[in-house]
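Colleague: Sharing a structure with you now.
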Amino acid sequence: MKTVDIILPVYSGNLNELERSVKTQIEFYNKILKNYKWNVVISINGKNAEQIIGLSKRLSEKYKNVRYLYTEIPGKGSGVINGWTRSNAEIRGYMDIDLAVDLKCLPELIKKIEFGYDISIGSRYNKDSKVKRSFKRKLISIFYHLFLLKLILNTKYNDAQCGFKAINKRVAEKILPLVQDKNWFFESELLYIAQRKGMKIKEIPIIWNEGRFSSINLLKVIPQFFIKMIKLRFRKL
């Protein structure tokens, strides 16, 4: 049986969401991942994490398929990378705690890695995707993904920032050590480096419902992302 670790990056602000999200995943994976040896790995990042570490410990004691990790380095990227790097699973996925992507899409994400792709990513811009989100966030996201990324980094994929991805061992060993960003930009950086290194990337359609709350301010981070893209474009890999 293939081994799968699903990383759930969290920080102290996710305390009220964590248990509900884990419970929903456990119930669903028990039905759809019967042909895999799988774990949900709660990957905690940042300081002031005592409460969420305590809750994660209790969840790991309650559910046999739940583990948890911790790093003081703050940032979503820090949580995902720490989880992926410390995993020994053949397939290593991650998703956001709000489960914006319908869990029914997970088997296809995993299968793409089994079929030989190095990275599989959920894409809100796939023609078969069903996406519900505010007009403002949609417009800003389109500007970033379908204009800036393609103009500056010449990306061959359409959705770098969707919180629904899977990688294989080769990516964990060869690409993750090259990723410098530990926050939101890590996904754009990861995929660009993977593309430059000739890794096989596959986008899949998803069902995506925007959460009511998001800790990322798109208008604030796009200028930051622009500077990071320029630096990445001219970085020696």
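The values are calculated or read from the model by the stated rules, or taken from the named source; none is laboratory data. These figures come from a predicted structure and were not determined experimentally. Note that we place each Cβ from the backbone using ideal geometry, even for glycine, and neighbour counts take in every protein chain shown. Protein only, heavy atoms only, side chains kept; ligands, DNA and RNA dropped before computing areas. Shrake-Rupley method; radii C 1.70, N 1.55, O 1.52, S 1.80 Å.
Colleague: Please state which one of Ser56, Ser43 is under 18 Å from Asp181 (Cα atoms) and in contact with a helix residue (DSSP H, G or I) (Cβ under 8 Å, 6 or more places away or on another chain).
Modeller: After applying the criteria, what remains is Ser43.
Colleague: What tally of residues in the range 107-143 results from selecting those that are modelled with pLDDT under 95 and open to solvent by less than 70 Å² (accessible area, probe 1.4 Å)?
Modeller: Qualifying residue count for the region: 6.
Colleague: To continue, here is another question. Taking Leu18 as the residue in question, decide whether it is open to solvent by less than 40 Å² (accessible area, probe 1.4 Å), in a helix (DSSP H, G or I) and either touching a residue at least 12 places away in the same chain (Cβ under 8 Å) or farther than 17 Å from Val80 by Cβ (or both).
Modeller: yes
Colleague: Next question, about the same structure. When only residues in the range 71-106 that are assigned to a helix (DSSP H, G or I) and open to solvent by 10 Å² or more (accessible area, probe 1.4 Å) count, which is nearest to Asn39 (Cα to Cα)?
Modeller: Arg86
Colleague: Being touching a helix residue (DSSP H, G or I) at 6+ places or on another chain (Cβ under 6 Å) and either of a type outside the set (Gly, Ala, Ser) or in contact (Cβ under 8 Å) with a residue 40 or more places away in the chain (or both) narrows it down to one of Lys202, Lys150, Lys130, so name that one.
Modeller: Selected residue: Lys202, the only one of Lys202, Lys150, Lys130 that is touching a helix residue (DSSP H, G or I) at 6+ places or on another chain (Cβ under 6 Å) and either of a type outside the set (Gly, Ala, Ser) or in contact (Cβ under 8 Å) with a residue 40 or more places away in the chain (or both).
Colleague: Also, quick follow-up: Please verify whether the range 26-48 includes one or more residues that are free of Cβ contacts under 8 Å to residues at least 12 places away in the same chain and not in a helix (DSSP H, G or I).
Modeller: Checked against the condition, which is being free of Cβ contacts under 8 Å to residues at least 12 places away in the same chain and not in a helix (DSSP H, G or I), the range 26-48 yields at least one hit.
Colleague: Look through Lys165, Lys150 and report the one residue that is buried (at least 16 other Cβ atoms within 10 Å of the Cβ) and among the charged types (D, E, K, R).
Modeller: Numbers: Lys150 fails: buried (at least 16 other Cβ atoms within 10 Å of the Cβ).
Exactly one of Lys165, Lys150 is buried (at least 16 other Cβ atoms within 10 Å of the Cβ) and among the charged types (D, E, K, R), namely Lys165.
Colleague: What's the total number of residues in the range 44-70 that are crowded, with 19+ Cβ neighbours inside 10 Å and polar (S, T, N, Q)?
Modeller: Number of matching residues: 2.
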